[in-house]
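Asks: The structure's right below; bear with me while I get my questions together.
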C-alpha cells in the first residue's frame with residue numbers, strides 16, 4: 001500500500017510516498033552520475049557554474065525550472081521498449097541505473113518501491129509505442145564498424161576499444177578519463193535494435209545529448225556489430241530482443257498510476273500523462289531533511305548518489321543569483337558536450353587522449369582533421385546556413401576532408417540558431433563596402449596571376465584547388481557574413497591559431513600593391529563581390545576543355561584507381577570499349593556502380609593533391625543493391641583482353657568475380673572453391689539472365 005506524506009524542508013513542501021510492502025527494493029550505494037561538462041571544467045573545485053551544469057543535466061530543472069541551458073535536458077522517448085530493450089535489463093536499470101550503465105544521470109526513482117510495483121511499471125512501459133517491427137539487416141561488418149566508430153566522432157564522448165589502432169594511437173594506451181561509459185549492449189538490446197537506434201537517434205534521444213549522426217543503414221549495422229561484438233557477417237544469425245510476456249490491463253494500469261505519481265513525465269514524453277507543475281525553488285534552499293539531493297532522499301523523490309564536490313556545487317548554484325539565460329554560451333556548450341570537439345575562445349576542444357582519433361587530410365595541418373572553433377560562430381555564420389547545419393543538411397557539410405562528422409540536432413535547430421546569433425551578435429562589426437566596378441579585381445586577387453593565390457589551396461565549385469584541398473570558397477556568400485569574412489582575412493590566426501591560412505594583409509597592409517592601388521578594404525570587398533556576383537572562375541585554373549584528360553576505352557578495358565562517390569577511397573574503375581563501365585569497392589570486395597556512356601575524366605585524380613571523390617561521366621548510373629556478401633579483397637588479375645577478375649575471400653573460401661562486356665551487355669562470372677553459392681547483389685534496373693554450372697555462376701546484365 002502507498003500512503004502520501006506531506007513533508008517540508010528548506011521552505012519547500014513536497015508530497016513523498018511511504019511504501020508498505022513485504023518485498024521492498026532497497027538499492028545499495030551506486031556510482032555518482034557522470035556529467036562530462038561538469039567533470040571536465042568544474043570537478044576540481046566546487047563552483048556555482050558547475051552546479052548550474054549539474055542542475056540542468058541531472059534533470060533538476062525538469063521539476064523546478066531555472067535552467068539556463070538552451071536545449072533542456074530530457075529523458076529518452078520510451079517507445080517500443082519491448083522490441084528494443086531486454087526486459088530483465090530494464091528492470092535492473094530502473095532499480096539501480098548506475099549498475100546497468102556506470103555514471104548514468106538517471107536518478108533512482110523506485111527506491112522503496114515494492115518489486116511488484118516495479119513489475120507494473122515495466123508492464124506499462126512495455127505497452128508504449130506502436131510495436132514497430134525492426135528490419136533485420138542482411139550483412140554486418142564489425143571491423144568496418146570499428147573504423148567508423150573511432151573516426152566518425154563517437155570517440156569525442158566515448159572510450160576507444162582496446163584493440164583499435166589509429167594512425168596516431170591505440171585504445172590500449174589511450175583511455176579518455178571523461179569517456180561516457182557504454183552499457184553491456186548484449187545484455188541490453190539486439191543488433192538490429194541498436195542499428196535502428198543509431199540510424200534514427202534523434203527520435204529516441206530528442207534532447208541531443210546523444211546527438212544524431214547521418215549514416216546509412218549499412219553503416220548503422222556495422223557500428224552496431226562493433227559495439228555488440230558480433231564477429232559474424234549475417235545479423236540474422238543473432239536472436240532479437242526476447243519476447244516480453246503479455247501483461248494484464250490491470251497491471252499496466254497500476255504501472256501507469258505509479259509513473260504518474262512519480263512524475264516521470266517531467267523528463268519523459270508519456271502519452272496521456274502531464275507533468276506536475278513546476279515547483280519553484282526557494283531563495284535559500286537547503287539540501288538537508290529528505291530533499292531529493294540530500295543523502296537520505298525519501299521515497300517518491302529522485303535519489304542521486306552525488307560526490308561531495310557535486311553536492312557542494314549544487315549548493316553554490318542554488319544559493320546564487322540564478323540567471324535564466326546562457327548569455328555567453330558556456331553552460332549550454334558544456335551541458336551538450338560541444339566542447340568535446342570544438343574550442344571556443346580557448347576553452348574546450350579535443351582532449352590529449354582523444355586528439356589522436358581526430359583524423360582527416362593532414363596536408364591541411366590541424367585544420368584538416370579537427371573541427372573548427374566555435375569562437376564567434378553566431379557572428380560568422382548566417383542564420384539560414386547555421387540552421388541547415390543543425391538540421392544536418394547535406395549542403396551544410398563543407399569540409400569533406402574531416403573524418404569526424406558534425407552531428408545534427410534537427411529538433412533544436414531553430415532554438416540553437418537564434419540563441420547563438422544573439423549570443424555572438426556583433427553590431428559594431430565593420431561592413432564591407434561593395435563597389436560593382438571592382439568585381440573583376442576580385443577575380444584577379446583570387447587567382448594565381450598577380451593575385452593572392454587563393455585557388456592554390458581552395459576549391460572553386462567543380463574546379464579543384466591546385467594544391468592542398470581546402471574548402472570550397474565559391475559559395476561563401478551563402479554561408480558566412482561579409483563582416484566576419486573581412487575580420488578573418490585581416491587576421492586568420494585570431495580565429496584559429498596555427499592555421500595554414502597566411503595573413504595576406506599583415507597589419508592591414510596589402511601584399512598585392514598593383515591591384516586597386518593596394519587598398520586593403522577595396523581588395524577584400526572585391527573578393528567578396530566576385531564570390532557573390534562574379535561570373536566565371538578565378539584566373540589560373542588550367543584549361544580543361546577538349547577532354548584531353550578523359551579516358552576513352554577503345555580497343556581494351558581501362559582500369560583506374562581513384563576516390564569515387566558511392567564507392568569510397570578504394571575504388572577500382574573499369575571502363576569497357578562497349579560503353580558499359582564498372583566501379584568496384586576494394587574495401588568491401590563488392591561492385592558498387594555500373595554506368596553507361598562516357599567513362600571517366602582523370603584530371604583531378606592525376607594532377608591534384610586533394611584526391612577528390614570523382615563521379616562517372618554519365619547520368620545513366622545504376623548502383624548495386626545492398627544485398628550481396630561482403631568479402632575480403634585479395635587483389636585482381638587481368639586476362640589477355642584486359643578484363644579484370646577480382647580475387648576475394650568469403651567466409652574463409654576463395655571466390656573470383658570477373659567482368660566483360662559483349663554486344664552491349666555486361667557479363668559477370670563468379671566461381672567459388674567450396675560451400676554454397678555466394679549471395680549476389682545486382683545493379684538497379686538491370687534485366688538479369690542467370691546460368692549455373694557446378695561452382696560457376698554467370699550473370700548477364702542488360703538494360704532496355
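Asks: How about the stretch 229-257: which of its residues are in contact with a helix residue (DSSP H, G or I) (Cβ under 6 Å, 6 or more places away or on another chain), in a helix (DSSP H, G or I) and modelled with pLDDT of 95 or more?
Replies: Of everything in the stretch 229-257, those that are in contact with a helix residue (DSSP H, G or I) (Cβ under 6 Å, 6 or more places away or on another chain), in a helix (DSSP H, G or I) and modelled with pLDDT of 95 or more turn out to be 251, 252, 254, 255, 256.
Asks: Next up: For residue 76, indicate whether it is in a loop (DSSP other than H, G, I, E, B), at pLDDT 95 or above and either surrounded by fewer than 20 Cβ atoms within 10 Å (Cβ to Cβ) or at positive phi (or both). First the steps, then the outcome.
Replies: Details: in a loop (DSSP other than H, G, I, E, B): yes; at pLDDT 95 or above: yes; either surrounded by fewer than 20 Cβ atoms within 10 Å (Cβ to Cβ) or at positive phi (or both): yes.
For residue 76, the condition - in a loop (DSSP other than H, G, I, E, B), at pLDDT 95 or above and either surrounded by fewer than 20 Cβ atoms within 10 Å (Cβ to Cβ) or at positive phi (or both) - is met.
Asks: Which residue is farthest from residue 336 (Cα to Cα), if the candidates are limited to the stretch 96-121 and must be touching a helix residue (DSSP H, G or I) at 6+ places or on another chain (Cβ under 8 Å) and part of a loop (DSSP other than H, G, I, E, B)? Write out each step before concluding.
Replies: Our first condition is that a residue be touching a helix residue (DSSP H, G or I) at 6+ places or on another chain (Cβ under 8 Å); within the stretch 96-121, this holds for 99-101, 104-110, 113, 117-121.
Filter again for part of a loop (DSSP other than H, G, I, E, B), leaving 101, 104-107, 109-110, 113.
Values: 101: 19, 104: 15, 105: 13, 106: 16, 107: 19, 109: 24, 110: 27, 113: 32 Å.
Selected residue: 113.
Asks: Separate question: Could you grab me the full set of residues in the stretch 492-507 that are buried (at least 18 other Cβ atoms within 10 Å of the Cβ) and over 20 Å from residue 467 (Cβ atoms)?
Replies: Residue satisfying the conditions is 505 alone.
Asks: Residues to consider are 415, 383; find the one that is more than 23 Å from residue 198 (Cα to Cα), without any contact (Cβ under 8 Å) to a residue 40 or more places away in the chain and surrounded by fewer than 21 Cβ atoms within 10 Å (Cβ to Cβ).
Replies: Values: 415 fails: without any contact (Cβ under 8 Å) to a residue 40 or more places away in the chain.
Going through 415, 383 in turn, just one is more than 23 Å from residue 198 (Cα to Cα), without any contact (Cβ under 8 Å) to a residue 40 or more places away in the chain and surrounded by fewer than 21 Cβ atoms within 10 Å (Cβ to Cβ): 383.
Asks: Residue check: is residue 449 within 25 Å of residue 499 (Cα to Cα) and in contact with a strand residue (DSSP E or B) (Cβ under 8 Å, 6 or more places away or on another chain)?
Replies: Numbers: within 25 Å of residue 499 (Cα to Cα): yes; in contact with a strand residue (DSSP E or B) (Cβ under 8 Å, 6 or more places away or on another chain): no.
Taking the combined requirement at face value, the residue does not satisfy it.
A quick yes/no check of all residues on (1) free of Cβ contacts under 8 Å to residues at least 24 places away in the same chain; (2) surrounded by fewer than 19 Cβ atoms within 10 Å (Cβ to Cβ); (3) assigned to a strand (DSSP E or B):
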| residue | (1), (2), (3) |
| --- | --- |
| 637 | yes, yes, yes |
| 641 | no, yes, no |
| 647 | yes, yes, yes |
| 656 | yes, yes, yes |
| 669 | no, yes, yes |
| 674 | yes, yes, no |
| 681 | no, yes, no |
| 690 | yes, yes, yes |
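Asks: Working only within the stretch 386-412, note down all residues that are free of Cβ contacts under 8 Å to residues at least 60 places away in the same chain, within 20 Å of residue 69 (Cα to Cα) and surrounded by fewer than 21 Cβ atoms within 10 Å (Cβ to Cβ).
Replies: Hits for the stretch 386-412 are 387, 391.
Asks: Restricting the search to the stretch 684-699, which residues are farther than 17 Å from residue 646 by Cα and either touching a strand residue (DSSP E or B) at 6+ places or on another chain (Cβ under 8 Å) or not assigned by TED's automatic domain parsing to the domain that holds residue 656 (or both)?
Replies: Scanning the stretch 684-699 gives 684, 685, 686, 687, 688, 689, 690, 691, 692.
Asks: Please enumerate the residues belonging to the stretch 206-228 that are in contact with a helix residue (DSSP H, G or I) (Cβ under 8 Å, 6 or more places away or on another chain) and assigned to a helix (DSSP H, G or I).
Replies: 217, 219, 220, 221, 222, 223, 224, 225, 226, 227, 228
Asks: Within the stretch 140-153, identify whether any single residue is more than 29 Å from residue 336 (Cα to Cα) and surrounded by 18 or more Cβ atoms within 10 Å (Cβ to Cβ), and answer yes or no.
Replies: Within the stretch 140-153 (the criterion being more than 29 Å from residue 336 (Cα to Cα) and surrounded by 18 or more Cβ atoms within 10 Å (Cβ to Cβ)), the answer is yes, since at least one residue qualifies.
Condition check ((1) modelled with pLDDT under 95; (2) crowded, with 18+ Cβ neighbours inside 10 Å; (3) more than 30 Å from residue 240 (Cβ to Cβ); (4) in the same structural domain as residue 180 (by TED's automatic domain parsing)) across all residues:
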| residue | (1), (2), (3), (4) |
| --- | --- |
| 8 | yes, no, yes, no |
| 17 | yes, no, yes, no |
| 23 | yes, no, yes, no |
| 29 | yes, no, yes, no |
| 35 | no, yes, yes, no |
| 53 | no, yes, yes, no |
| 57 | no, yes, yes, no |
| 61 | yes, yes, yes, no |
| 86 | no, yes, no, no |
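Asks: So, one more: Taking the stretch 308-329 on its own, how many of its residues are part of a loop (DSSP other than H, G, I, E, B), surrounded by 14 or more Cβ atoms within 10 Å (Cβ to Cβ) and at pLDDT 85 or above? Walk me through how you get there before you give the answer.
Replies: So in the stretch 308-329, the residues part of a loop (DSSP other than H, G, I, E, B) come out as 319-329.
Now narrow it down to the ones that are surrounded by 14 or more Cβ atoms within 10 Å (Cβ to Cβ): 319, 322, 326, 329.
Narrowing the set further to residues that are at pLDDT 85 or above leaves 319, 326, 329.
Summing the residues that are part of a loop (DSSP other than H, G, I, E, B), surrounded by 14 or more Cβ atoms within 10 Å (Cβ to Cβ) and at pLDDT 85 or above in the stretch 308-329 gives 3.
Asks: OK, next. Quick check on my filter: what residues within the stretch 524-580 are exposed (fewer than 14 other Cβ atoms within 10 Å of the Cβ) and part of a strand (DSSP E or B)?
Replies: The answer is 561, 569.
Asks: Can you pull out the residues in the stretch 651-704 that are modelled with pLDDT of 95 or more and at positive phi?
Replies: none
Asks: Does residue 623 meet the test of being modelled with pLDDT of 90 or more and crowded, with 19+ Cβ neighbours inside 10 Å?
Replies: Numbers: modelled with pLDDT of 90 or more: yes; crowded, with 19+ Cβ neighbours inside 10 Å: no.
So residue 623 fails the test.
Asks: Another one. Tell me the residue from 348, 300 that is more than 32 Å from the chain's Cα centre (by Cα) and surrounded by 21 or more Cβ atoms within 10 Å (Cβ to Cβ), please. Steps first, answer last, please.
Replies: On the way: 348 fails: more than 32 Å from the chain's Cα centre (by Cα).
Residue meeting the stated conditions: 300.
Asks: Right, residue 584: outside any loop (DSSP other than H, G, I, E, B), farther than 30 Å from residue 456 by Cα and under 28 Å from the mean Cα position of the chain (by Cα) or not? First the steps, then the outcome.
Replies: Values: outside any loop (DSSP other than H, G, I, E, B): yes; farther than 30 Å from residue 456 by Cα: yes; under 28 Å from the mean Cα position of the chain (by Cα): yes.
Taking the combined requirement at face value, the residue satisfies it.
Asks: What's the number of the only condition in (1) touching a strand residue (DSSP E or B) at 6+ places or on another chain (Cβ under 8 Å); (2) not in a helix (DSSP H, G or I) that residue 202 fails to meet?
Replies: Exception for residue 202: condition (2).
Asks: Do we have any residue at all in the stretch 39-48 that's modelled with pLDDT of 95 or more and under 26 Å from residue 189 (Cβ atoms)?
Replies: Within the stretch 39-48, not a single residue is modelled with pLDDT of 95 or more and under 26 Å from residue 189 (Cβ atoms).
Asks: Does residue 667 meet the test of being outside the structural domain of residue 401 (by TED's automatic domain parsing) and under 20 Å from residue 692 (Cβ atoms)? Please lay out each step first, then the result.
Replies: On the way: outside the structural domain of residue 401 (by TED's automatic domain parsing): yes; under 20 Å from residue 692 (Cβ atoms): yes.
Answer is yes for this residue.
Asks: Taking the stretch 155-170 as the search range and keeping residues that are surrounded by fewer than 22 Cβ atoms within 10 Å (Cβ to Cβ) and touching a residue at least 60 places away in the same chain (Cβ under 8 Å), which one is nearest to residue 209 (Cα to Cα)? Quick ask: steps written out before the conclusion?
Replies: First, pick out the residues of the stretch 155-170 that are surrounded by fewer than 22 Cβ atoms within 10 Å (Cβ to Cβ): 157-159, 161-170.
Narrowing the set further to residues that are touching a residue at least 60 places away in the same chain (Cβ under 8 Å) leaves 157, 161, 166-169.
Working: 157: 10, 161: 21, 166: 26, 167: 28, 168: 28, 169: 27 Å.
The residue in question is 157.
Asks: Additional query: Please work out which residue is farthest from the chain's Cα centre (by Cα), limiting yourself to the stretch 463-511 and to residues that are closer than 21 Å to residue 541 by Cβ and assigned to a helix (DSSP H, G or I).
Replies: Going through the qualifying residues, I end up with 477.
The values are calculated or read from the model by the stated rules, or taken from the named source; none is laboratory data. In this text, all values refer to a predicted model and were calculated from it rather than measured experimentally. All Cβ positions, glycine included, derive from the backbone under ideal geometry; neighbour counts span all protein chains shown.
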